Amino acid sequence: MRPRTPTVLAATVALALTAGPLAAPALAVPAPASARTTTAPDASALRAAIAGIPDADATAALVRVGGTAGSWRGSAGVHDLASGTAADPDARFRAGSTTKVVTAAAVLKLAAQGRIDLGTPVQHYLPGLLTRAFEPVTVRQLLNHTSGIQPGDGWGDTFEEQYAHRFDTLTPRQVVASAVAKGPEFRPGTQQDYLNINYTVLGLLIEKVTGRPYADEVARLVLRPAGMRDTYFPGTDPRIRGPHNHGYQAVRRADGTTELVDVTDWNQADRFAAGDMISTTADLQRLVTALFGGRIVPPGPELEEMFTVPAGIEGATYSAGFQRFELDGEVYWFKSGARYGYSTAVGGSRDLRRTLVYSVNSTDSKSEDMNKVAERIVLAALK
């Protein structure tokens with residue numbers, strides 16, 4: 001499926017905290033570039049960013065700002081609407097497309113070990129997966145979304161269609177088969193189109209090269225070295241194990257009123273290596289710190305793939321696992337994700353002066369407009 005989450009624009013530059021290339025209105029951002037990420041986070045601005053939750057936009061928010069310039073941690077909202085209990089700041093949540101950071105790291109680490117060649121076509125590793133209608137698609141082109149493979153099918157396009165199948169299983173192989181049946185969208189390497197299907201195929205590649213299940217191998221290559229003890233992949237289990245705050249989706253009733261539907265339990269197996277991960281803000285902060293510090297993928301050409309946008313492609317912003325954006329002269333690398341009830345982002349400046357992780361229990365996480373709470377968090381964190 002083609003992801004549908006927003007991009008924020010800050011000043012005149014795209015602030016790419018999204019799971020898909022859609023734009024929201026421009027935002028005015030104060031403070032000169034020289035002051036950015038060189039001082040401690042603005043605690044008062046961050047507290048104001050999450051004040052008043054729950055509201056129409058979110059039921060909870062968890063935030064961690066870190067880096068060498070200082071740190072801040074905060075939470076707001078409720079564990080669930082029925083009890084009104086305060087949100088658990090250490091809760092697990094559906095991390096959505098931030099899963100792609102972990103998948104990319106695993107592939108690049110295998111490449112650094114000589115087990116995968118980024119310039120080799122995926123057809124070499126997974127013969128028969130793509131039909132003869134496809135030209136050679138390299139592993140690198142999957143990583144940076146220039147493969148030309150079209151989106152796979154899901155349970156439908158509307159919330160109602162997908163909600164009706166929330167406990168059903170759609171396998172990664174079924175998703176890939178539906179994508180392949182459509183034929184290529186464009187010649188590999190000529191355009192960039194952010195799609196889950198690229199990372200679904202990369203998950204299958206990891207399994208083929210290592211001979212082990214994706215979740216097991218990614219835990220070995222990435223999660224354990226980063227110290228991500230509370231992160232896991234649920235597979236077909238619809239529940240979130242351990243402490244977690246409930247997620248809700250706003251649904252318009254026939255009479256014009258809005259109902260908040262609990263969407264916490266949901267089988268996400270079709271998201272696989274593109275978006276199945278469950279994590280915490282602490283673990284995602286550990287991930288970005290370890291990655292940018294060269295402790296997962298060793299310093300060298302493979303790690304550089306995470307900070308390299310393909311040249312010669314108009315509008316390209318995605319690297320391997322991340323998306324580049326520039327804000328008042330500062331370059332940041334972020335990845336966001338959205339599953340119903342949960343909106344997440346992880347990233348920061350490459351030099352680790354500033355990192356940001358948030359999980360917002362958005363009431364409309366698939367909206368084409370960025371969640372207002374998440375928007376406030378980003379602007380406050382990067383002041």
Here's a check for you: in the range 159-188, which residue that is under 18 Å from T131 (Cα atoms) and in contact with a strand residue (DSSP E or B) (Cβ under 9 Å, 6 or more places away or on another chain) is surrounded by the fewest Cβ atoms within 10 Å (Cβ to Cβ)? K182
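Residues in the range 119-131: is at least one without any contact (Cβ under 8 Å) to a residue 60 or more places away in the chain, in contact with a Gly (Cβ under 9 Å, 6 or more places away or on another chain) and in a loop (DSSP other than H, G, I, E, B)?
Scanning the range 119-131, I find at least one residue that is without any contact (Cβ under 8 Å) to a residue 60 or more places away in the chain, in contact with a Gly (Cβ under 9 Å, 6 or more places away or on another chain) and in a loop (DSSP other than H, G, I, E, B), so the answer is yes.
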Can A219 be described as among the small types (G, A, S), more than 28 Å from G154 (Cα to Cα) and out of contact with any strand residue (DSSP E or B) (no Cβ under 6 Å at 6 or more places or on another chain)? no
Out of A338, A345, report the one residue that is touching a strand residue (DSSP E or B) at 6+ places or on another chain (Cβ under 6 Å), more than 27 Å from R115 (Cα to Cα) and small (G, A, S). A345
Count of residues meeting criterion [in a loop (DSSP other than H, G, I, E, B) and hydrophobic (A, V, I, L, M, F, W, C)] in the range 344-369: 1
Give V63, V102 a once-over and let me know the one that is at pLDDT 95 or above, out of contact with any His (no Cβ under 8 Å at 6 or more places or on another chain), surrounded by 24 or more Cβ atoms within 10 Å (Cβ to Cβ) and in a helix (DSSP H, G or I). V102
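Is it the case that the range 109-119 has a residue that's among the basic types (K, R) and either surrounded by fewer than 24 Cβ atoms within 10 Å (Cβ to Cβ) or more than 18 Å from S319 (Cβ to Cβ) (or both)?
yes
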Kindly check whether there is at least one residue in the range 83-95 that is at pLDDT 95 or above, under 21 Å from H145 (Cα atoms) and outside any loop (DSSP other than H, G, I, E, B). no
Taking the range 56-71 and keeping residues touching a residue at least 40 places away in the same chain (Cβ under 8 Å) and under 22 Å from F334 (Cβ atoms) leaves D57, A58, A60, A61, L62, V63, R64, V65, G66, G67, T68, A69
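The values are calculated or read from the model by the stated rules, or taken from the named source; none is laboratory data. In this text the structure is predicted, and so the values were computed from the model without any measurement. Positions of Cβ are generated from backbone atoms using ideal geometry, with glycine treated the same way; all protein chains shown enter the neighbour counts.
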